[in-house]
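Right, one structure below, let's go through it.
The values are calculated or read from the model by the stated rules, or taken from the named source; none is laboratory data. Just so it is clear, the structure is predicted and the values come from calculations on it, not from any experiment. Neighbour counts are summed over all protein chains in view; Cβ atoms, including those assigned to glycine, are modelled from backbone coordinates with ideal geometry. Heads up: the accessible areas ignore ligands, DNA and RNA and are worked out on the full protein's heavy atoms, side chains in. Shrake-Rupley method; radii C 1.70, N 1.55, O 1.52, S 1.80 Å.
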Amino acid sequence: MKGVMYFDQAASSWPKPPAVMEAMMLCMQEYAANPGRGSHQMAVKASRALFETRKNLAKLFGVRNPNDISFALNTTHALNQAIKGFVKPGDHVICTNVEHNSVRRPVEYLKSSAGVELTYLQHDVDGNMQLNDLKEALRPNTTLVVVNHSSNLLGTIMPIAEIGEICKAHGAKLLVDAAQSAGILPIHVTDMNIDMLAFPGHKGLLGPQGTGGLYIHPDIDLEPLLHGGTGSQSEAIHQPTVRPDRYEAGTQNTVGIAGLNEGVKFILAETVEKIHEKEWAHTQRLMEGLLGIAGVTILGPKLGQNKTGIVSFNIQDVDSSEVAFILDQSFQIAVRAGYHCSPLAHEVAGTLSKGAVRASVGYFTTAEEVDALIGAVREIQTQYVK
Ligand SMILES: Cc1ncc(COP(=O)(O)O)c(C=O)c1O
């Protein structure tokens with residue numbers, strides 16, 4: 001929306017690079033046929049758009065074979081495919097107490113429906129974990145460790161490569177929820193020993209909603225979440241074993257994926273290092289400004305520490321929804337309030353009773369917008385806190 005200062009990047013990024021929208025429009029106008037089904041020119045062009053995107057995603061994440069990446073609707077879809085497709089009755093799964101509900105709910109579902117054992121690693125108030133806790137939690141039947149790369153409430157960055165080494169040594173597989181890191185932090189699945197990577201297309205990768213994906217190590221065979229038509233081996237009763245078809249039943253979101261390709265190309269050109277540096281600078285500016293306002297407390301890593309572009313805060317006991325409402329209605333500033341689908345992380349931060357205001361920055365956020373947000377919070381504080 002014109003004039004809106006958008007600080008809800010952690011939910012869905014906005015704005016998108018113009019090339020994303022142009023590619024979607026071009027696809028819609030010229031070749032939005034069914035990919036992988038027909039052999040006519042438009043269908044072939046649609047298939048090619050999907051493969052191009054897979055190739056660029058593989059380049060971004062250090063994946064050797066692009067076909068080990070299957071598309072999904074969003075991170076939640078990819079996480080469900082990974083968790084429900086991998087875990088068997090009798091398995092022990094480890095996750096953390098800062099996981100999003102997209103991890104917590106599927107693992108809790110398996111705990112109650114399939115007798116799966118579950119351990120939550122305890123993080124400290126800033127969201128940091130002790131690697132030793134992971135080593136101690138491992139059991140002979142631990143088959144899967146699930147961790148988010150960065151907490152969507154606290155912005156804390158997890159030591160994925162070290163976690164990967166521990167999992168590999170034990171023989172457990174590592175599933176990383178990259179909802180808050182894909183396109184923002186360096187990810188190399190081979191170097192970091194990541195066995196499965198669930199990622200959104202609509203956040204840091206700058207693509208449209210309805211896009212995301214899952215990388216699956218070639219040695220892992222998941223039970224498909226969806227069964228149905230793939231345009232391949234149509235005579236077979238069962239889901240094909242060939243990738244990515246095994247995990248891509250039904251018509252794919254060609255228009256969205258064509259847009260996602262341009263988002264990924266934008267990131268490859270800019271580099272994740274530059275993107276993270278820019279976002280970190282914005283978080284530091286915002287934190288410094290907010291900490292100068294009496295009564296404001298910030299959750300997660302302290303000023304100067306590494307984190308992603310998330311700044312969650314409260315103004316004393318003022319209801320976070322009320323702060324978000326005033327920011328929106330009086331200042332044209334979009335933030336998110338409440339629990340952010342992460343009640344576990346709120347428990348860790350000690351904010352389960354009230355939630356928090358979350359301001360998240362992106363590559364297109366400007367210093368002027370950050371200053372406007374600080375000024376608006378100062379005005380709210382003077383009105384509400386006497
Ligand atoms: C850490 C984390 N995991 C999973 C999700 C779910 O992502 P999606 O909306 O793409 O399903 C989110 C969304 O904000 C998130 O922050």
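Is it true that residue 91 is assigned by TED's automatic domain parsing to the domain that holds residue 111, touching a Ser or Thr at 6+ places or on another chain (Cβ under 6 Å), modelled with pLDDT of 95 or more and not aliphatic (A, V, I, L, M)?
When the stated conditions are applied, residue 91 passes them.
Can you tell me which of 42, 1, 21, 25 is aliphatic (A, V, I, L, M), within 22 Å of the chain's Cα centre (by Cα) and open to solvent by 50 Å² or more (accessible area, probe 1.4 Å)?
Among 42, 1, 21, 25, only 21 is aliphatic (A, V, I, L, M), within 22 Å of the chain's Cα centre (by Cα) and open to solvent by 50 Å² or more (accessible area, probe 1.4 Å).
Among the residues of region 348-374, write down those that are surrounded by fewer than 14 Cβ atoms within 10 Å (Cβ to Cβ) and either part of a helix (DSSP H, G or I) or modelled with pLDDT under 95 (or both).
350, 352, 353, 367, 368, 371, listed by residue number.
One residue is enough: does region 101-112 have a residue meeting the conditions of a type in the set (S, T, N, Q) and either within 16 Å of the ligand (Cβ to nearest atom) or open to solvent by less than 10 Å² (accessible area, probe 1.4 Å) (or both)?
yes
Looking at residue 193, is it closer than 25 Å to residue 273 by Cα and open to solvent by 10 Å² or more (accessible area, probe 1.4 Å)?
yes
Tell me, which strands (runs of 3 or more DSSP E) wholly within region 58-127 include 2 or more residues that are farther than 22 Å from residue 171 by Cβ?
Fully inside region 58-127 and qualifying: 69-72.
Suppose we filter region 193-244 for residues that are within 16 Å of the ligand (Cβ to nearest atom) and among the small types (Gly, Ala, Ser); how many remain?
7
Looking at (1) crowded, with 22+ Cβ neighbours inside 10 Å; (2) more than 15 Å from the ligand (Cβ to nearest atom); (3) of a type in the set (Ser, Thr, Tyr), which is the only condition residue 151 fails?
(2)
For region 76-97, name all the residues that are farther than 15 Å from residue 108 by Cβ, within 16 Å of the ligand (Cβ to nearest atom) and open to solvent by 10 Å² or more (accessible area, probe 1.4 Å).
Within region 76-97, 77, 81 qualify.
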